[in-house]
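Heads up: the structure comes next, in C-alpha cells.
The values are calculated or read from the model by the stated rules, or taken from the named source; none is laboratory data. Just so you know, these numbers come straight off a predicted model, no measurement behind them. Don't worry about glycine lacking a Cβ; one is built from the backbone with ideal geometry, like all the others, and counts go over all protein chains shown.
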Amino acid sequence: MENFVQFPARCRRYLNQEPAQIDLNTNYRSSERIVSFYRAFMDQKDWRHDPPDHHQEYRIPKQIKAQRQDQAPAVVASTPARAEAVAAEIAGLVVRLLQEKKVADPNQIAFLFPSLKAACVERMKTALEDVGLKVYAPRASRFLELPEITDYFGIVLLIFGKPDYNEEFAAGDYQAFHDWITVAETRGETIREADPGLTTFIAGKHAEIAAVIADFDPLAATVQAHHWDMDGPYDPDRMKHPLAATQGLSDQARRTLLSVPFDHLARTRLAEGKPFALGYVINRATAIDWSLLDLFYQLGMFQHFKAMLELPPDGDEGPLCNLGLLTQYLAKFVDHYGAHAVSAQRLSADRFQRTFFTSYLYALFRRGESEFEDAQDPFPKGRIPFLTIHQSKGLEFPVVVLGNLRKDARVQRVEATVRPLLDRPSEPLERSAGFDVMRMYYVALSRAKNLLVLAHFRGPGLFINHEFRPLLDANFPRIPALQLGPIACATATQDSQPQAYSYTADYLLYHHCPRQYMLFRKYGFVPSRGTVMLFGSLVHRTLEDLHHLLIAQRSQP
Amino acid sequence: MTDAAIEARLRELFEENYELLRADGGHALSPEVKLAALTQVLLYWRKLKGIATKVSDTEVPLVLPDQQSPAGRRYTIEGVVDIVQEADRTVMYDIKTHDADYVQQYRDLYENQLNVYAYIWQTLRGQPLDETAIIATAYPPAVKQVLQDPERLTQALAAWEPVVPIPFDQQRVEATIAGFGATVDAIEEHCFHPRSLADLQAKTGSGRRFGQDVCGNCDARYSCSAYRDFARTSGHRQETQLRAFLAQQDEQDRASRLDAIQTHDQD
C-alpha cells in the first residue's frame, strides 16, 4: 500500500521524473449507489498527513465512478435494533430475494463478517436456519460438529472406543471436545441400531482388531524364547520359520510372515546392510490393513452413509463439500502418522486412540476459523456462504450482507515490533490500525454487484464503527420499505466468468465415470490410495524437467 | 552432459519432485510403486532419446477460449502438450502414463483430444503441424519381466512401441467441441450417475471387465449402485456375500499398506 502511495514522490526524488497517472476509476461490478456509498464511507475518515504535510493523504485520491448508472435501490440497512431482531429481518429479506428470483441460488448471497468468531455470526446463522435456509460456514461452526461429520466419527468411536477422559482438565475446550465425543457416540449408536448390517459390520471390525491383538503376544513370546531383540535386525533365514510356527497364530499373520515378495525385500535389505528391525516385522504381521479413510468409504455400503454421498434433489452441495474436506483431513492423518495400516501394538496400548483422538482430532476441534483466504474454498450450491472479509478479497456476489459494522482498531503486535526498524516514513502507528479497518470495510462494501445489506445493531452494548454512523441516518433506506422490483436479477450462468475445463482432467475423467468425477474431482474427495494421481504427476513433472534440461543443453554453445 | 550424467540428474529430479508432491498432496507411494514410476521415467529416456532431445517446447498450454455450451454456459477448453519443431516438420506429442494397449483401446477419445489440440495449434496459434501422437510411457509386461536382465531388456525395449501416431482430422473438431460443451452442461447440471451396468460388464483391453478393472480400484464402489448390481450379477446375491465382495482387497495392496507403518512403529 505504502509503495503505491509513495510512488510519485519517490519517482521525483530518485528518478527526477513526474510519473504519468492513469486512473483506473471505473467500477464495472457494482451498481452506482453501492459505489457512491463506499466512496462516502471512505470520506468519513481523515486521511490527511499530520501537519505540516496536511495537503497529502495516506490514500490515493481517486474518485471511483460506476459504469452502471442504474438508479435502482442498491444499499439498504436493517432497522436499527438488537441482534436477534436484525438477524430475523435480514433472514426475511433473504427469503424475499429468493422468492422473487433476484438470485438464482442461495450461494449468490454472501454474508461477510470481520471475524467469524463473533456471537452475531451464530445468531445470523440460526435466524436463516429458522426460515428453512442452509448456511455454508465450515470455518465458523466447528467442523466436527457438522451433522455428517459427527455421524462418521460416531461409528469410528464404536469401532475403536473412546479416548481417555481426564477430570482434572474438565473445562473449556477439553470439556467441549469430550461432550462432542459423547454426542457423536450416541449418534453412532442410533445409526447402528437402525441397520442390522451395520451392526454386523462393526462386530466384524471388533473381531479383526481382537485377532491382531491376540497374534501379538504369542509372537512376542517366541521372540523372548529365542532371546532375540525386538530392536535388532530381522534375519529371514533364522527367524521367519520359528515365528510362523508360533502356536495359535492366525492364518493372516502366518501368511504375512511367509510372504515371498516381503522375504525377497527383507533379504535385499539385509544384504545392503539396512535390515528391517524384528519389531517392525512383527508389527507388520499383526496389523489391521485398513485405515480411517478406507473405513470412511466402506461405510458407504450402508444406507445412512450412502445417502450422504449422493446429491440431494434440492441441489444442496453442503454435505458433499464437508465430506470431501473430511477425507482431506483423514488422508493427512493417515499419511502423516503412517496409519495406512495400524499395528496391534498401537491398538492394544491405546496409542492409536491417543494419537488420533487426543492429538489430531482435538487439534482439529480447537482450530479456529482461519483468516487466510483459500481459493479452494467451495461455494456449494443451495447454501448461503459465510465468509470473513479477508476471505472475500477478489470475489464478487450479486448480494452481499455485511453482518457486523463493528471492528475495533487494534495495533497489530507485529506492526508495533517491526515499525521502529523501518528506516522510512510510513503511516503513524497509532493511525494505521484505523486505516486498516477502513480498508477492510472497503473490501466488504465493494464485493456487492446488485444489493448491499448492512446489519445495523443498536442497543445496550452494541456499537457500530463511527464512520458508519453519519451515513446510516434517519433518511437511510431500511429493509421494511425496500422494493425489490427494480433490483437486477442475477442468473446462474451468464453472469459468471467463463469456466475453464481441462480436456483430460474434466472431459475424459467425466466420461470415465461421472460419479467418480463428482466425488474425486468436483468435491475434492481424497482416494484411500492416492497413488494413481501422484504417480501420474510425478512422471509428468520429471519428464518435463528432463525436456527443460535437454532444451537448455542444446542452447548452450 | 553424457547420457549417464543425464540419467543421474534424472534420478535427482525424480526424488525432488517426489518430495515436493508428497508435501503438497500428502500421499506417499509404496517403495514398489515409486520404483515403477522411476523406471518409467528412466525407460522413457532410454527408449525415446530421439524424441526427448528434439523437444522444442515442453508442457505447452493450449487454450480454446470463448466457447458456449448448448445451454449457454461460457467456457474454455484447456490442454497441455509437448512440441517437436524441426526445420521442416512439427509434431505434437501428448504424454500419457498409461500403456500403449490402453491408448489403442480408447483410441477414439484420444483422437478427438488431439484433434482439438491440433485445431488450437494451427488455427488460433497459426503454427504448422505435420503429425500428432500419444506417447504411452507405461512399459508393457514383456519389459517388466526382464528389468533385471540387461541383455534381454535391450531386446524387449527394441520391440516396445510406446509412440501411438494419431492422424488428425479437422473435419471432426466441430463435433468434438459440441460434445465437450454438452459435457460441461452435464457437469454444471449435476448429472453424476455412475456408468451403466452394461458398461461395467463390458470387457476392457486387458480382457477383464470394467467393473473389475476400474471399479475394483475405486473407493466409491462401496456406495455405488451400479457396482452393487455388477456384484450381484457376478454371483454375490446375498447382502452378506455382497459386503464381503465389496471389502475384498488384494495381497499387493495389503503389502503396500503394511510397508507404510515401518517408520512410525519404530518410535
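Considering the stretch A:508-530, and only residues there that are in a loop (DSSP other than H, G, I, E, B) and not aromatic (F, W, Y), the residue that is surrounded by the most Cβ atoms within 10 Å (Cβ to Cβ) turns out to be A:V526.
When the test is whether a residue is exposed (fewer than 12 other Cβ atoms within 10 Å of the Cβ) and more than 10 Å from chain A (Cβ to nearest Cβ), B:P140 does not pass it.
Conditions: (1) at pLDDT below 95; (2) out of contact with any Pro (no Cβ under 6 Å at 6 or more places or on another chain); (3) of a type in the set (D, E, K, R). A:E148 meets all but one. Number of the miss? Going through the list (1) at pLDDT below 95; (2) out of contact with any Pro (no Cβ under 6 Å at 6 or more places or on another chain); (3) of a type in the set (D, E, K, R), A:E148 breaks only (2). Looking at the stretch B:198-267, the helices (runs of 4 or more DSSP H) lying wholly inside it that each contain 2 or more residues that are modelled with pLDDT under 85 and closer than 30 Å to A:M230 by Cα sit at B:251-260.
Determine if the stretch A:6-21 includes at least one residue that is among the acidic types (D, E), more than 26 Å from A:G403 (Cβ to Cβ) and in contact with a Pro (Cβ under 7 Å, 6 or more places away or on another chain). So that I can check it myself, show each step before the final result.
Residues of the stretch A:6-21 that are among the acidic types (D, E), as a first pass: A:18.
Keeping just the survivors that are more than 26 Å from A:G403 (Cβ to Cβ) gives A:18.
This time we only want the ones that are in contact with a Pro (Cβ under 7 Å, 6 or more places away or on another chain), so: none.
The answer is no, given that none of the residues of the stretch A:6-21 is among the acidic types (D, E), more than 26 Å from A:G403 (Cβ to Cβ) and in contact with a Pro (Cβ under 7 Å, 6 or more places away or on another chain).
Considered as a group, the residues in the stretch B:113-158 that are touching a residue at least 24 places away in the same chain (Cβ under 8 Å) and among the β-branched types (V, I, T) include one that is nearest to A:Y510 (Cα to Cα), and that residue is B:V116. Note on the stretch A:256-304: residues that are of a type outside the set (A, V, I, L, M) and in contact with a Ser or Thr (Cβ under 7 Å, 6 or more places away or on another chain) amount to 8.
Taking the stretch B:116-167 only, how many residues are of a type in the set (A, V, I, L, M) and either outside any strand (DSSP E or B) or touching a Leu at 6+ places or on another chain (Cβ under 6 Å) (or both)? Quick ask: steps written out before the conclusion?
Taking the stretch B:116-167 first, the residues of a type in the set (A, V, I, L, M) are B:116, B:118, B:120, B:124, B:129, B:133-136, B:138, B:142-143, B:146-147, B:153, B:156-159, B:163-164, B:166.
This time we only want the ones that are either outside any strand (DSSP E or B) or touching a Leu at 6+ places or on another chain (Cβ under 6 Å) (or both), so: B:116, B:118, B:120, B:124, B:129, B:142-143, B:146-147, B:153, B:156-159, B:166.
Counting residues in the stretch B:116-167 that are of a type in the set (A, V, I, L, M) and either outside any strand (DSSP E or B) or touching a Leu at 6+ places or on another chain (Cβ under 6 Å) (or both) gives 15.
Within 28 Å of B:V184 (Cα to Cα) and over 17 Å from the mean Cα position of the chain (by Cα): which single residue out of B:V91, B:V116 fits that description? So that I can check it myself, show each step before the final result.
On the way: B:V91 fails: within 28 Å of B:V184 (Cα to Cα).
Of the residues listed, the single one that is within 28 Å of B:V184 (Cα to Cα) and over 17 Å from the mean Cα position of the chain (by Cα) is B:V116.
When the stretch A:507-516 is examined, which residues are found to be under 27 Å from the mean Cα position of the chain (by Cα) and more than 7 Å from chain B (Cβ to nearest Cβ)? A:L509 - this is the single residue of the stretch A:507-516 that is under 27 Å from the mean Cα position of the chain (by Cα) and more than 7 Å from chain B (Cβ to nearest Cβ).
Quick grid of which residues meet (1) buried (at least 16 other Cβ atoms within 10 Å of the Cβ); (2) touching a His at 6+ places or on another chain (Cβ under 6 Å); (3) in the same structural domain as B:A142 (by TED's automatic domain parsing):
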residue: B:A4; (1), (2), (3): no, no, no
residue: B:L13; (1), (2), (3): yes, no, no
residue: B:V41; (1), (2), (3): yes, no, no
residue: B:Q67; (1), (2), (3): yes, no, yes
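Counting just the residues of the stretch A:223-244 that are part of a loop (DSSP other than H, G, I, E, B), more than 17 Å from B:L258 (Cα to Cα) and in contact (Cβ under 8 Å) with a residue 12 or more places away in the chain, which one comes out farthest from the chain's Cα centre (by Cα)? Result: A:H226. Would you call A:R238 among the basic types (K, R), within 22 Å of A:L361 (Cβ to Cβ) and out of contact with any Phe, Trp or Tyr (no Cβ under 8 Å at 6 or more places or on another chain)? No: the conditions fail for A:R238. Of the residues A:P470, A:P480, the single one that is at pLDDT 90 or above, farther than 27 Å from B:A36 by Cβ, assigned to a helix (DSSP H, G or I) and away from chain B (no Cβ under 14 Å) is A:P480. Candidates are the residues of the stretch B:169-188 that are free of Cβ contacts under 8 Å to residues at least 12 places away in the same chain and under 16 Å from B:Q122 (Cα atoms); the one that is farthest from the other protein chains (Cβ to nearest Cβ) is B:Q171. Of everything in the stretch B:189-201 that is within 8 Å of another protein chain (Cβ to nearest Cβ) and hydrophobic (A, V, I, L, M, F, W, C), the residue that is surrounded by the fewest Cβ atoms within 10 Å (Cβ to Cβ) is B:C191.
Here's the yes/no breakdown for (1) in contact (Cβ under 8 Å) with a residue 60 or more places away in the chain; (2) surrounded by fewer than 19 Cβ atoms within 10 Å (Cβ to Cβ); (3) in contact with a strand residue (DSSP E or B) (Cβ under 6 Å, 6 or more places away or on another chain):
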| residue | (1), (2), (3) |
| --- | --- |
| A:D408 | no, yes, no |
| A:V414 | no, yes, no |
| A:R447 | yes, no, yes |
| A:L471 | yes, yes, no |
| A:P477 | yes, yes, yes |
| A:L484 | yes, yes, no |
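Quick one: how many residues across the stretch A:2-34 are farther than 28 Å from A:V453 by Cβ and assigned to a loop (DSSP other than H, G, I, E, B)?
Looking only at the stretch A:2-34, we keep the residues that are farther than 28 Å from A:V453 by Cβ, and these are A:2-23.
Now narrow it down to the ones that are assigned to a loop (DSSP other than H, G, I, E, B): A:16-23.
Residues flagged as farther than 28 Å from A:V453 by Cβ and assigned to a loop (DSSP other than H, G, I, E, B) within the stretch A:2-34 amount to 8.
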